[in-house]
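**Q** Got a structure here, written out as C-alpha cells. Questions coming.
The values are calculated or read from the model by the stated rules, or taken from the named source; none is laboratory data. Please read these numbers as outputs of a predicted model, since none were measured by experiment. Ideal geometry is used to build each Cβ from the backbone, glycine not excepted, and the neighbour counts take in all protein chains shown.
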Amino acid sequence: MGERLLLEGADLAGLIVRVREELGPGARIVRAEKVRSGGFGGFFARERYELTIDVPEPARTPRRRFTRPTA
C-alpha cells in the first residue's frame with residue numbers, strides 16, 4: 001500500500017510540476033480542490049489549492065538465491 005500526501009499552494013500548475021519533480025511519475029493526484037479561507041462574509045478570503053496525492057511504494061527487487069557449489 002502506498003502513502004497519501006496533502007500539498008497546498010497558491011498556484012495549481014506549480015503544484016502539479018512540484019509533484020512530478022519531487023515524487024516522480026508514479027505519483028497520482030487523487031483530488032484537487034480550490035479552498036477559500038479567512039476573510040469576512042466571503043470578502044477578502046484567500047484562495048489556495050489542496051492536492052491529495054497517492055504515492056506508491058518503491059518496487060522491491062526480488063532476492064537472488066544462492067546455491068552452494070557442489071564439490
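**Q** Here are some conditions: (1) of a type in the set (A, V, I, L, M); (2) surrounded by 11 or more Cβ atoms within 10 Å (Cβ to Cβ); (3) at pLDDT 90 or above. Leu6 meets all but one. Which one does it not meet?
**A** (2) is the only condition that Leu6 fails.
**Q** May I pose another question? Would you be able to tell me the number of residues in the range 34-46 that are assigned to a strand (DSSP E or B) and loosely packed, with under 11 Cβ neighbours inside 10 Å?
**A** Residues flagged as assigned to a strand (DSSP E or B) and loosely packed, with under 11 Cβ neighbours inside 10 Å within the range 34-46 amount to 6.
**Q** Could you please give the count of residues in the range 1-21 that are part of a loop (DSSP other than H, G, I, E, B), of a type in the set (A, V, I, L, M) and more than 19 Å from Arg36 (Cα to Cα)?
**A** 1
**Q** In the range 22-33, what residues are charged (D, E, K, R) and either in a strand (DSSP E or B) or farther than 30 Å from Pro58 by Cα (or both)?
**A** Once the filter is applied, which keeps residues that are charged (D, E, K, R) and either in a strand (DSSP E or B) or farther than 30 Å from Pro58 by Cα (or both), the range 22-33 yields Arg28, Arg31, Glu33.
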